[in-house]
Amino acid sequence: MSSTFTQRLCCMAGQIATAGVYGGSALLLLGLSGCFVPWFRPNGEDAESRREQIRGKLQAEDRPRIISQIGDGSRMLTQVRLENVGLITGLAGTGGDVRASLPREKMLEVMRREDVDQPNQVLDSPNTAMAVAFVFAPPAARKGQLLDVSVRKSTHATATDFERGWLLPTSLVEAKELEGAVRQSFEIATASGQVITKAQYTGSDRPEDKLEGVIIGGARLAQPRELSISINSEFADAITMAAIVPAINARFTVFTGKEKSGIATPQNDDYISIAIPPKYERDPFHFLNVVLQISFNETKSQRNDRIALLEKQTTEPISVRNACWQVEALGENYAALLANNFSHPNPEVRFYNAHSLAYLNDKRAIEPLKKLCLQEPAFRAMCLNGISAIEGFEATEALEELLHAADAETRYGAVRALRYRDRNDVRVASQQIGEVGSILEIPSSGPPMVALSLSEVPEVVIFGPNPVLSLPNFHYLTSQIIVQSNGENGARISRIESGKDDIIVQTSNDLRSVLSGIVEVNGTYGDWVSFLRVASQQGYLTEPLAMNPIPTAGRAYNRQSDPSTEPQSNEQAGLRVPTESDTDSTTSAWYNPFTW
């Protein structure tokens, strides 16, 4: 930000601070001093006349008082598609030729830059396949954040199966059509890793399901995605910015590594970039909506009138969400207004009040959120997220209790919430098994269960005792790997591959040992997935298997009183592998997996 830019904003902000009252009275003083100059708009009578019109609107009796009345943040609450063609290697004769096309030439160009010897032969090898790799980067994503990668066969390739395939490092970019031509951004993320096919995790025998899949946590963002607020054109001016920016920064700050600073930084007269505090990082939708409910232009008496109205609105299902955002925007001094509604008979009312109270770091939110997590699937993801945002051992204890629940989503969701709370928490620290995946054993008083992750991290979580498997005499895990019983308490895992020495591992017949043995014979995480799915279906594993039981957002909460008032929302699967229809747009409406 230029020095002139800063001086103009500081000059106006100083006037507001000097006024010593709420924004409405301060705005009445703007223009009495001559310290500001036109900001990002032409000089002259037209600019000054426009500013006078804005000043008049901001001083009128029916003037806007909340940022959301003149601002919007929806354009940044989207997910952006990043994509590129990439090369999958390690296939056992299930790859094939790539037809002449622009994508083929693009792939060859990349291979030549990487000094690949005989790139045409490599590209057309039966052991390689050209694929399209893509991710959807969420809003407020951090630099270095890992994202799941979706892959599907290029329409120009002739491969038949991606099982055991490995995507070589692929640069992901944003592509848009401009002036009749497709333009690409610079590299925004890189992707690589083991492909787990849809056929492996669903058991499908459809040919197309063998040619699409996911790489768990396989992309790393090279650039962050920022949040922002845009100001409506009729109010876009320095006079408006000078009232809004200080109001936001008075409510929210972030630690920059050296000191605390406000989260709002004006970029021009209609655009404010917003930094997100750490406790809101998993819920930018919620955070930005709270910021938009900050008041900037109301007198003390007007605020008192609004608070009186909020006391009623926080008890009504039709208005409770927006009302709770407003109370949260007011800050900790108004926490009691939310806590007073925990005995309300409506679960939706209890949830929104407790959810906002959690972000005010109020421990009174823990118990209602814990109960709602168990009772209402529509709120489960956000309840866990809210509990994890509260400081203190009480929140940790609540999450630990949820590890013993009967519901699979609640239990595995609690594992992830504890990790988000403390990445070094030994209670939820998995043990890495080779370079394939990790295993976590959690002693539990709840029913035994095995959870298999297909998102963020490749891991198997065992709740309760390590299961003993009833293995068959002979089971082909893949065309090369055989798993079989070896006596009463033993298992034998073999890898038999033409032209190579056999690899044979003798191990116990418990789940952890068998999974470790699969790794010893050079198995993959996809092999873990296939084995657990078949073991559950065939009865080798008698404990329940939960495939990717991640609490999801976007589930509709069914109001019994008036279904017509139900907010529009989409149910989002725990694992989403985008399809061809997703190529129609590089951006789409975004549903945060930790909010609703």
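The values are calculated or read from the model by the stated rules, or taken from the named source; none is laboratory data. If you're wondering where the values come from, they're calculated on a predicted model, not measured in any experiment. In this analysis, Cβ positions are derived from the backbone assuming ideal geometry, glycine residues included, and neighbour counts consider all displayed protein chains. To get the accessible areas, we keep the full protein, side chains included, count just its heavy atoms, and leave off ligands, DNA and RNA. Shrake-Rupley method; radii C 1.70, N 1.55, O 1.52, S 1.80 Å.
Across the alpha-carbon atoms of the range 233-336, the computed radius of gyration and Dmax are 14.7, 43 angstrom.
Between 0 and 90 degrees, the angle of helix 347-359 with respect to the longest Cα principal axis of the chain falls at about 80 degrees. Compared with the dominant Cα axis of the chain, that is its longest principal axis, helix 320-330 is turned about 70°. Note on residue 174: accessible area approximately 40 square angstrom, rounded to 10, probe 1.4 Å, nucleic acids and ligands left out.
Partner lysines whose Cα lies under 22 Å from the Cα of residue 198, excluding those fewer than 8 positions away in the same chain, are identified as 153, 210. Rounded to the nearest 10 square angstrom, residue 229 shows an accessible area of 0 square angstrom against a 1.4 Å probe. Listed by chain and number, the lysines whose C-alpha is less than 17 Å from the C-alpha of residue 260, apart from same-chain residues fewer than 8 away, are 279. For the range 183-216 versus the range 110-141, the inter-centroid distance based on Cα atoms is 13 Å. Modelled label positions at residue 226 and residue 202, each set 7 Å beyond Cα in the direction of Cβ, lie 4.0 nm from each other.
For the chain, the longest principal axis of the C-alpha atoms and the axis of helix 408-421 are separated by about 60°. Mean residue ellipticity, 222 nm, helices only, the chain: the sum of -39500 (n - 2.57) across DSSP H runs of n ≥ 4, divided by residue count and rounded to 500, is -10000 deg cm²/dmol. The simple spin-label model puts a point 7 Å past each Cα toward its Cβ; for residue 497 and residue 425 those points are separated by 3.9 nm. Cα gyration tensor of the range 456-513, axes a ≥ b ≥ c as square roots of the eigenvalues: rounded (a/c below 1.5), prolate (a/b > b/c) or oblate? Judged from the Cα gyration tensor, the range 456-513 comes out oblate (a/c at least 1.5, b/c at or above a/b).
If we sort 472-485, 123-136 on the protection proxy, mean other Cβ atoms within 10 Å, highest first, what's the order?
123-136, 472-485
Could you point to the label whose value was computed as Rg and Dmax of the Cα atoms in Å for the structure here, given (i) 23.2, 74; (ii) 28.0, 94; (iii) 33.2, 102? Answer by label: (ii).
Electrostatic bookkeeping for residue 335 treats Lys and Arg as +1 and Asp and Glu as -1; over the other residues with beta carbon under 11 Å from its beta carbon, the sum is -1. Under 17 Å from a label point set 7 Å out along the Cα-to-Cβ vector of residue 75, the amide N atoms of the range 233-267 belong to 233-238, 241, 265-267. If a/c stays under 1.5 just call it rounded; otherwise compare a/b with b/c (prolate if a/b is bigger, oblate if not). Do that for the range 311-377, with a ≥ b ≥ c from the square roots of the Cα gyration tensor eigenvalues. Oblate shape, in that a/c is at least 1.5 and b/c is the bigger or equal ratio. Solvent-accessible surface of the range 344-442, taken per residue with a 1.4 Å probe and all protein chains present: 37 Å². Taking 17 Å as the straight-line reach from the Cα of residue 363, the aspartates and glutamates in range (excluding those fewer than 8 positions away in the same chain) are 328, 332, 391, 394, 397, 400, 401.
How many percent of DSSP beta bridges within the range 414-500 run antiparallel, rounded to 5?
Of those bridges, close to 75 percent are antiparallel.
If you average 1/r across every pair of different Cα atoms in the range 144-249 and take the reciprocal, what Kirkwood value do you get, in Å?
Evaluated on the range 144-249, it is 17.4 Å.
In plain terms, the chain from residue 281 to residue 184 could stretch by 32.1 nm, reckoned as 0.36 nm per residue minus the Cα-Cα distance.
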